[in-house]
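The values are calculated or read from the model by the stated rules, or taken from the named source; none is laboratory data. Note that this is a predicted model, so its numbers are computed, not measured. Here Cβ is always computed from backbone atoms with ideal geometry, including for glycine, and neighbour counts include all displayed protein chains. With ligands, DNA and RNA removed, areas are computed over all heavy atoms of the protein, side chains included. Shrake-Rupley method; radii C 1.70, N 1.55, O 1.52, S 1.80 Å.
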Amino acid sequence: MRRGLRIRRLAAALVVGAAFAAPGRGGAEIPQAQPLRVCADPDDLPFSSARAAEPGLYVELGRKIAQSLGRPFEPVWALSYFGKRAVRTTLLAKTCDAYVGLPGIKGFMGPQLVYSKPFLHIGYAIMAPAGQHITRLDELSGKRVAVQFSTPPQMVLAERDDVKSVTFLNPEEAVKALEHHEVDVAFIWGPVAGYMNKTSLHGAYEVTPIAGEGMEYPVKIGFNRADADLRDKVEQALEDSRPVVADLAAKYGLPTAAPIELADTSSPVMVLASTSEPEAPAKDAAAAPSADDIAEGHAIFNGTCSHCHGPDAVQSVRKIDLRLLHHRYGDTTATVFHETVTKGRPAKGMPNWSAVFSEDDFKKIYAYLSTIQTD
């Protein structure tokens, strides 16, 4: 299982495929129901898996919805290492017509998608030995705490000198470190913590969901905005499947308790972004952008770019910290920005966004970034 920076809440997708026909009596062909194809990551438990004995929550939910719609169920396996890239290459490319498990946060992928109502809430959790019910950040003082790279828990604990953070690329490695007593507590992705605690650790740990900025969010089924009719049909089937969702969450060990609010859990990312004064626009900006353009660019950035570059462009890894663009490139910043977003840097994991955003969108994103440059 590989999650690291991937957005794991993008594990599966529901898709309507081409109609099939079967020969009937007398040689006549009888139209068959269109299959409901589910795009699912083959190795993303507890959400999806290619193993028939343990298909995952989203796959089982997709099968139930297909049954409710009177359609055959067909899984289509697709890796989801980079969540938004997976959406772009499947749902937005019309390979898929619906995507199960997208984060129900404002601005995700911009106005290109429409969504069902939320069917589940997921997020980060504190995993500690049974009997250690941690409810305050102060209770982590002096402990070795496993966190995942570039996640809200890592950023929260980075502000505390009394906590020794041990960083891992994915939650599975963090859980194994906890099991082997290499750390005392894990502050990691809750669905994986709960799943591993149930399936391989025999409930030896307490997994407590955490509330707060960036710590939790609802998940929905996303659709291309042109497919609102399909959304309505699936949403009705989903509404009828609410008890099934609860049963599947319990089956796969997802934390179901009400999230608790830790003292000072708001992400430093948000605090820094909201309290710092924006810098003047970069010198090579073509014209002074309007406040509306900056606001729209901000929304597009947080909806698509923040996965790698951080919410509000606050990023602890300097080489992808976009607040340092003008510091690096000076008067050529606008040119470098435009070439990067329209041509990409595949070797460094930066895709070409020209098929997704318009030139006007790029100008607005750049306008926003220009207001937060720092030396």
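If the condition is being among the hydrophobic types (A, V, I, L, M, F, W, C), open to solvent by less than 30 Å² (accessible area, probe 1.4 Å) and within 21 Å of residue 209 (Cα to Cα), then the range 235-262 contributes 245, 248, 249, 254, 262.
Every residue, every condition in (1) of a type in the set (A, V, I, L, M, F, W, C); (2) under 19 Å from residue 211 (Cβ atoms); (3) at pLDDT 95 or above, yes or no:
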site: 133; (1), (2), (3): no, yes, no
site: 140; (1), (2), (3): yes, yes, no
site: 149; (1), (2), (3): yes, no, no
site: 160; (1), (2), (3): no, yes, no
site: 167; (1), (2), (3): no, no, no
site: 176; (1), (2), (3): no, no, yes
site: 180; (1), (2), (3): no, no, yes
site: 188; (1), (2), (3): yes, yes, yes
site: 194; (1), (2), (3): no, yes, yes
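If you filter the range 203-227 down to residues that are over 19 Å from the mean Cα position of the chain (by Cα) and at pLDDT 90 or above, you find that the one that is nearest to residue 260 (Cα to Cα) is 208.
Residue by residue, here is whether (1) in contact with a helix residue (DSSP H, G or I) (Cβ under 8 Å, 6 or more places away or on another chain); (2) open to solvent by less than 20 Å² (accessible area, probe 1.4 Å); (3) free of Cβ contacts under 8 Å to residues at least 12 places away in the same chain; (4) more than 20 Å from residue 295 (Cα to Cα) holds:
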| position | (1), (2), (3), (4) |
| --- | --- |
| 336 | yes, no, yes, yes |
| 340 | no, no, yes, yes |
| 343 | no, no, yes, yes |
| 354 | yes, no, no, yes |
| 358 | no, no, yes, no |
| 363 | yes, no, no, no |
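The numbered conditions (1) closer than 15 Å to residue 219 by Cα; (2) at pLDDT 80 or above are all true for residue 68 except (1).
Looking across 244, 147, 192, one residue alone is hydrophobic (A, V, I, L, M, F, W, C) and touching a strand residue (DSSP E or B) at 6+ places or on another chain (Cβ under 8 Å). It is 147. Within the range 315-334, the residues that satisfy the criterion of being modelled with pLDDT of 85 or more and either within 18 Å of the chain's Cα centre (by Cα) or surrounded by 19 or more Cβ atoms within 10 Å (Cβ to Cβ) (or both) are 322, 323, 325, 326, 333, 334.
Search the range 222-234 for residues being hydrophobic (A, V, I, L, M, F, W, C) and over 14 Å from residue 66 (Cα atoms), and hand back the single one that is surrounded by the most Cβ atoms within 10 Å (Cβ to Cβ).
223
The residue that is nearest to residue 86 (Cα to Cα), counting only those in the range 335-375 that are modelled with pLDDT of 85 or more and of a type in the set (A, V, I, L, M), is 341. Within the range 56-74, the set of residues being in contact with a strand residue (DSSP E or B) (Cβ under 7 Å, 6 or more places away or on another chain) and crowded, with 21+ Cβ neighbours inside 10 Å comprises 56, 58, 59, 61, 62, 65, 66.
When residues in the range 43-54 are screened for being open to solvent by less than 10 Å² (accessible area, probe 1.4 Å) and without any contact (Cβ under 8 Å) to a residue 40 or more places away in the chain, 2 of them pass.
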